[in-house]
Amino acid sequence: MLGLTTSTVVLAAVVTFVTAQLPPTPSSWPHDYPGKPSGDYSPEWQSYFEVTESLPGIDFSLPHGYAGNIDVNRPGHPNNTLFFWALEKENGSLTAGADERSDVPWGIWLNGGPGSSSMLGFIYENGPIRVGPDGSPSHNEYSWDNVADYIWIDQPVGTGWSTTDSDGYVHDEDEMGRDFMGFLENLVKVFPSLKTRPLYLTGESYAGTYIPYIMKTYFGLSDPPVNIVKFAIGDGTVGSEATCQMLPTVSILETYPQLIGYDSEVFEWFREQEHLCGFDLNLTYPQDGHFPNLQIANPTDPNRAGFVGLAERKTLRNTMTRLAVGKSYTNTGTHAVRALEARSDFERHSANADASVSPRTEGGSAVVKRDLSLRTNGTIDSWYGCYLYDEMLEYALNYSYPWNIKGNSQTWEGFDPYQIPDALDPESPIDGRSFFNDPQTRAALHAPTSKDWTGSIIYPFLGDPVEGIDPSVEPMAFLDDLAANASIHNVHVVLYSGNDDSLLAHRGTEVVIQNTTFGGIQGFTRRPSTPWYDDAGNVAGVVHQERNWTYVLVEGAGHLIGYNSPPKAFTLLREFILGNNQTGLVSQVGGQVDVLGGEDAALAVDAIPGTSGIYVGSVTTQSTVEYPAATVAAWESYIATATATVISNAVKGVETKQNGATGFRATGTAVVLVGASFLVSLLACA
């Protein structure tokens, strides 16, 4: 009790100090539309929230829905509300009475940020509306309300169309969890059947922090307002920055060696740095002991003092915020704003930033390659420290085609961390402001008039609207306890990742799983290697299931799986989240281990190759860049030998069962855009 009181006092002191030093955060409040009921929430509010008016540009029918703002029940903050948009799978399914439809599932979707609106998911990923690059809406046939009643929620307070007093923004994730439970308590008063019906809580990205904290709050309640039976997190921030962003760098390069021009010498350099930084963890099945607490060593070069100071202030959460802000705010769709992280004020590595890594000419051609001969081998790189992700990204922008043509290593413009093969410049914008701020939309959805909708904000944790640094510990720190509670309450867990995501790559998710004890065993007992298939019968990735935990790797998709591949996201939801597809399930049959759907040794690897082509063009793909076949063949020959030990260890006990699989690379029409001199020089570099 003494510790709690002390920490509370310290937190209050920090909040007071920060608030005194920073500009005020904006206030907002819900709008009272005609017909608003008086008194507490009840089914009487259903008609108030019902969406009956048309939406601009929508010439197709939408599911019956409800929208508006509901209080979070935080004392002293009556204006703290969360905005929701709920869609019915069938008419009347949301308005059923208490204890009706008790076995019928419903779902919630949360986007991340922190500070990103879930309405972005509604119009770009898994809702019935898909806004195109020109801002015009079209129908998404893969909307998740086709499978169950679904609700998209803007949270925490102040995000999207959710409202808050100036001093009411959440201070940390525990407060966020309490707010969310308060919202749900009022939501089920409006829609009584939702109290007992099985709830599937889903989200992506920074929802990998939100959802574990929501579940932590949920498990701590003696009488929770809803019945959560499963939670699913896609490309989530469950682990630390070292685990989620820096550790996976080498596996990212194995997935997309185009980032280093298929250069084996550069790959070996990164692999050495991975080892020196302690990121080359050995995953065993089951895992033998917890992993060490990974740290990110700062650069030691005296010219990088500015970076060190900023690096100490930055967190993965801050990175996620600024990337999301750039993605949703930038009209041109470029990544210039996304990678600021407050570090663009400091001179990043460029051609003249560090002579020992400056571009040089290969064979008299115009192609550049990093000169590794002057680097100090056997020690951590003094210029980057253990910020391997930064080093990889800036290498691509300086030296690797096509990123080095228009990319900017000082701003990270020209590289899409969410979707590696997307080199569009400008890229397709994700910005729903014109749609949501249209007066017709605002009125139809009963949205606030006290603020305009924005896709993302730098969320002012601790009252800080500038840095927006979340003080909460990453969920991985308490995941064993959360998993134990999930087992006790029979709550299933799904973690899924897009193979093309670099920002929160799947390797980090796999480490999180193997570092967690669930069902009395640490990690999976078998390495994930079972293929799953899309509705067309094509291999869609890898699935593995043990002891109420499911892991799914989605090929041909990046950080925003519903955006990159709506059909695969829909199948994932239907089969492995809401459904009970047991492909990849480990069981004991007659004393022998059996994995439903078989195991494929070709999939029991650290990295499955991504697409061979990199997409280039303006807003939409005009063509695809592919490296010469000889360069690719040389790389494949090298990497098979370089990873032979890893692969050998990985596939012990894994049988090769193709189950009709025809290959694991994404396919599509590709055009080689590389000029002759570039081809020659690439061959020389390979």
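What to note about this one:
- So V188, is it part of a loop (DSSP other than H, G, I, E, B) and either over 19 Å from the mean Cα position of the chain (by Cα) or of a type in the set (D, E, K, R) (or both): no
- Filtered residues of region 225-254 (kept if part of a helix (DSSP H, G or I) and either aromatic (F, W, Y) or in contact with a His (Cβ under 9 Å, 6 or more places away or on another chain) (or both)): S251
- Selection count where residues are assigned to a helix (DSSP H, G or I) and either touching a Gly at 6+ places or on another chain (Cβ under 7 Å) or farther than 30 Å from E394 by Cβ (or both), scope region 500-539: 5
- Exclusive hit being in contact (Cβ under 8 Å) with a residue 12 or more places away in the chain, assigned to a loop (DSSP other than H, G, I, E, B) and within 30 Å of V131 (Cα to Cα), set G203, G158, G208, G168: G158
- Here A540, A604, A569 are screened, and the one residue that is buried (at least 22 other Cβ atoms within 10 Å of the Cβ) and either under 18 Å from the mean Cα position of the chain (by Cα) or of a type outside the set (A, V, I, L, M, F, W, C) (or both) is A569.
- Any hit, region 503-524, residues being out of contact with any strand residue (DSSP E or B) (no Cβ under 6 Å at 6 or more places or on another chain), more than 20 Å from Y285 (Cβ to Cβ), crowded, with 24+ Cβ neighbours inside 10 Å and in contact (Cβ under 8 Å) with a residue 40 or more places away in the chain: yes
- Residue ID - farthest from G432 (Cα to Cα), chosen from residues in region 160-204 that are touching an Asp or Glu at 6+ places or on another chain (Cβ under 6 Å) and small (G, A, S): S193
- Condition check for G182: crowded, with 24+ Cβ neighbours inside 10 Å and part of a helix (DSSP H, G or I): no
- First in region 226-246 and touching a residue at least 60 places away in the same chain (Cβ under 8 Å) and surrounded by fewer than 24 Cβ atoms within 10 Å (Cβ to Cβ), second anywhere and part of a helix (DSSP H, G or I) and of a type in the set (F, W, Y), Cβ under 8 Å, 6 or more apart: I228/Y218
- Remark: pairs (first residue in region 264-291, farther than 19 Å from Y387 by Cβ and in contact (Cβ under 8 Å) with a residue 12 or more places away in the chain; second residue among the aromatic types (F, W, Y) and in a loop (DSSP other than H, G, I, E, B); Cβ separation under 9 Å; 6+ apart in sequence or on different chains) = Y285/F524; P286/F524; Q287/F524.
- All conditions but one from (1) touching a helix residue (DSSP H, G or I) at 6+ places or on another chain (Cβ under 7 Å); (2) more than 18 Å from Y496 (Cβ to Cβ) apply to G158; the one that does not is (1).
- For G610, the requirement of being on the phi > 0 side of the Ramachandran plot, crowded, with 16+ Cβ neighbours inside 10 Å and at pLDDT 95 or above is not met.
- Looking only at region 143-167, and only at residues there that are out of contact with any strand residue (DSSP E or B) (no Cβ under 6 Å at 6 or more places or on another chain) and buried (at least 22 other Cβ atoms within 10 Å of the Cβ), the one that is farthest from A569 (Cα to Cα): T164
- Close pairs from region 442-471: first hydroxyl-bearing (S, T, Y), partner modelled with pLDDT of 90 or more and not in a loop (DSSP other than H, G, I, E, B), Cβ under 6 Å, at least 6 apart: S456/S116
- Qualifying position, being among the hydroxyl-bearing types (S, T, Y) and touching a helix residue (DSSP H, G or I) at 6+ places or on another chain (Cβ under 8 Å), among S587, S529, S565, S618: S529
The values are calculated or read from the model by the stated rules, or taken from the named source; none is laboratory data. Owing to the predicted nature of the structure, the values given are computational and were not obtained by experimental measurement. All Cβ positions, even for glycine, are placed from backbone atoms using ideal geometry, and neighbour counts span all protein chains on display.
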